[in-house]
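Peer 1: The structure is given below, and queries will be raised subsequently.
We did not get these values from a lab; they are worked out from the coordinates using the rules stated. The model shown is predicted, which means the values in this text are computed figures rather than measured ones. Please note: Cβ atoms are built from the backbone with ideal geometry, for glycine as well, and neighbour counts cover all protein chains shown.
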Amino acid sequence: MASTRFTRVRVDDELDLHAFAPRDVPSVVEEYLRACRERGLRLVRVVHGRGRGVQRAEVRRLLRSMTADVESFADAPPASGGWGATVVSLRPAEAEPPAGG
């Protein structure tokens, strides 16, 4: 069984990346989104902040690479963070294929 450094991340409809070191952001986001899918969450918000846009670009790059998990993504509405947050639509979790098949 794989262990993780991020077991204390609450899996709900929002992940605020301000609490994480930039080097950990890709791993945290990937693990968070997969955990959300497993729990049946379909729409989540990833808060990366406005700043210079470095975290936003990193999150967007990762989301583009996660096509099996991510259906779509866009800037959050202005009242929900605007370009300081990304709303992610996740694909529905599918049943695991039978073992050996």
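Peer 1: Among the residues of region 31-53, which ones are under 16 Å from Asp16 (Cβ atoms) and either assigned to a helix (DSSP H, G or I) or out of contact with any Leu (no Cβ under 8 Å at 6 or more places or on another chain) (or both)?
Peer 2: Glu31, Tyr32, Leu33, Ala35, Cys36, Arg50, Gly51
Peer 1: In addition: State all residues of region 54-77 that are of a type in the set (Val, Ile, Thr) and either closer than 13 Å to His18 by Cβ or not in a strand (DSSP E or B) (or both); if no residue qualifies, say none.
Peer 2: Within region 54-77, Val54, Val59, Thr67 qualify.
Peer 1: Looking only at residues that are farther than 15 Å from Val87 by Cα and among the acidic types (Asp, Glu) in region 12-68, which one is surrounded by the most Cβ atoms within 10 Å (Cβ to Cβ)?
Peer 2: Here the answer is Glu31.
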